[in-house]
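These notes concern the structure reproduced below.
The values are calculated or read from the model by the stated rules, or taken from the named source; none is laboratory data. Small disclaimer: the values here were computed from a predicted structure and weren't measured. Using ideal geometry, Cβ is built from the backbone for each residue, glycine included, and neighbour counts are taken over all protein chains shown.
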Amino acid sequence: MARVKPKRQGFHIDMTPMSDMAWLLLTFFILTTQFRKPEIVPITTPTSVSDMKLGDGNLVEISINKDGNYYFSIIDDKDKVPILEKMGQKYGLTFTDKEKQSFYNLSEVPVSIGQLKSFLNLEESQQKTQVPGIPLDSTNLQLMDWIDFSYEQNPEIKLAIKGDVDTQYPKFRTLLNELVNRDYNKFQLITSAEEKPR
Amino acid sequence: MAQMQEKPQQGKGGKVRVKKQSTAVDMTPLADLGFLLITFFMFTTTFSKPNVMGLNMPPKTPPIENQQEPEIDLKNSLSIILGGDNTIYWHQQDRAKLTAADMHETDYSKEGIRNDILAARQRATVEDNFTVIIKPTDDSTYDNLVNVLDEMEITQSSRYGIVDPNPLEVSVYREVSGIQGEGGEAPASAPTDNQ
């Protein structure tokens, strides 16, 4: 007697739900990702073994480039315009809606408040060439005003400092002294990852 | 590929029937592509975040009048002086008695400053009180400071502070290294030495 062979069947799984789920997740990720605005000033950060990650919100960033110029970035988009308005109030400047929109699209504040108005009216391609930084010295503590107003806007805010590999230490010391003078004692130094020994 | 059942033509000159084809499309490549893109997005979002290292500075306190200088066991502290051109020195001498002979040159490598810190901690009278004092000179860079802070983390030295070098340390450093600062001026701000 011949044995009854089970009939071979093609093995098919319906992939539709799987692809549905994949694309749904994809859509979710794309929508929740905040795209980083192009940086005006290139900065190479030093490396460290620290494995702490930079937080998402409640953050302002002070950058020092290799020439020792200071820049200030507000990470939370919603805080940008209110802080700009407060700065404007203090320095007697008003900004048009177009200038506010242009400010909103900036990744960092690259000029002093006096030059900011004309800077915001520049074409985007021209903006990259004119980045003298925000003044911070004994006669002009404008950078500190930005930080003070950021705190006023959002008391939860944390300070991150991003320095270039070639930044001279005195520039960092000036910043540190001024911050400590105003009772800002906790900072986060932004670095890039490096492998931990052993 | 998708299931297509071909049935033999039923001849006999009957009506020509339109073959029924199943419309099931293989979804596997679509799912593949979806997951590939997800992976890409996950990597670019979470891994592009920079690392941070915390830095806490002591709050500014007004100088206390007539404060007695506390007695300090020099073995319990290590001063690291960051110089220009990626040079680094350490000493364990009192700030008033420092000479060029007390300055030890080392480097940023694994065998350099890291071993010196660990060795100094071994020598300390009370290991729990061992403190590293980081003194960056005007010639050093931000990178040097971050590297030394990194060493603090690697050697698990929880007690450390960043202070400006005092004038004697700067002059001894200049003598040892031969690097002259711009105009050879004294440090810009008053040293806030906590020794």
In segment A:128-138, the residues that are more than 15 Å from A:Ile113 (Cα to Cα) and either surrounded by 13 or more Cβ atoms within 10 Å (Cβ to Cβ) or of a type in the set (Val, Ile, Thr) (or both): A:Lys128, A:Thr129
May I ask you to verify whether A:Leu84 is crowded, with 19+ Cβ neighbours inside 10 Å, away from chain B (no Cβ under 14 Å) and either at pLDDT below 85 or at positive phi (or both)? no
Being crowded, with 17+ Cβ neighbours inside 10 Å, within 14 Å of A:Ile83 (Cα to Cα), over 17 Å from the mean Cα position of the chain (by Cα) and not small (Gly, Ala, Ser), is that true of even one residue in segment A:103-121? yes
Filtering segment B:74-107 down to residues that are of a type in the set (Phe, Trp, Tyr) and modelled with pLDDT under 85 yields none
Looking at segment A:51-58, is at least one residue more than 11 Å from chain B (Cβ to nearest Cβ) and within 22 Å of the chain's Cα centre (by Cα)? yes
Answer yes or no: is there a residue in segment B:104-115 that is surrounded by 18 or more Cβ atoms within 10 Å (Cβ to Cβ) and within 30 Å of A:Phe28 (Cα to Cα). no
For segment A:163-176, state whether one or more residues are closer than 13 Å to A:Met87 by Cβ, of a type in the set (Ser, Thr, Tyr) and in contact with a strand residue (DSSP E or B) (Cβ under 9 Å, 6 or more places away or on another chain). no
Residues satisfying the stated conditions in segment A:168-198, i.e. of a type in the set (A, V, I, L, M), within 20 Å of A:Ser48 (Cα to Cα) and surrounded by fewer than 17 Cβ atoms within 10 Å (Cβ to Cβ): A:Ala193
If I filter segment A:46-80 down to residues being of a type in the set (A, V, I, L, M, F, W, C) and assigned to a strand (DSSP E or B), which single residue comes out as surrounded by the fewest Cβ atoms within 10 Å (Cβ to Cβ)? A:Met52
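Quick grid of which residues meet (1) free of Cβ contacts under 8 Å to residues at least 12 places away in the same chain; (2) within 24 Å of B:Thr99 (Cβ to Cβ); (3) touching a Lys or Arg at 6+ places or on another chain (Cβ under 8 Å); (4) of a type in the set (A, V, I, L, M, F, W, C):
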position	(1), (2), (3), (4)
B:Val126	no, no, no, yes
B:Asn129	no, no, yes, no
B:Thr137	no, yes, no, no
B:Tyr160	no, no, no, no
B:Pro165	no, yes, yes, no
B:Glu169	no, yes, yes, no
Out of (1) surrounded by 11 or more Cβ atoms within 10 Å (Cβ to Cβ); (2) modelled with pLDDT under 75; (3) within 14 Å of chain A (Cβ to nearest Cβ), what's the single condition that is false for B:Pro62? (1)
With the structure loaded, tell me whether B:Ala120 is of a type outside the set (Phe, Trp, Tyr) and at pLDDT 85 or above or whether it fails that test. yes
B:Leu74 passes all but one of the listed conditions (1) surrounded by 18 or more Cβ atoms within 10 Å (Cβ to Cβ); (2) over 20 Å from A:Ser48 (Cα atoms); (3) aliphatic (A, V, I, L, M); the exception is number (1)
Test: A:Leu122 is closer than 19 Å to A:Ser73 by Cβ and free of Cβ contacts under 8 Å to residues at least 24 places away in the same chain: yes
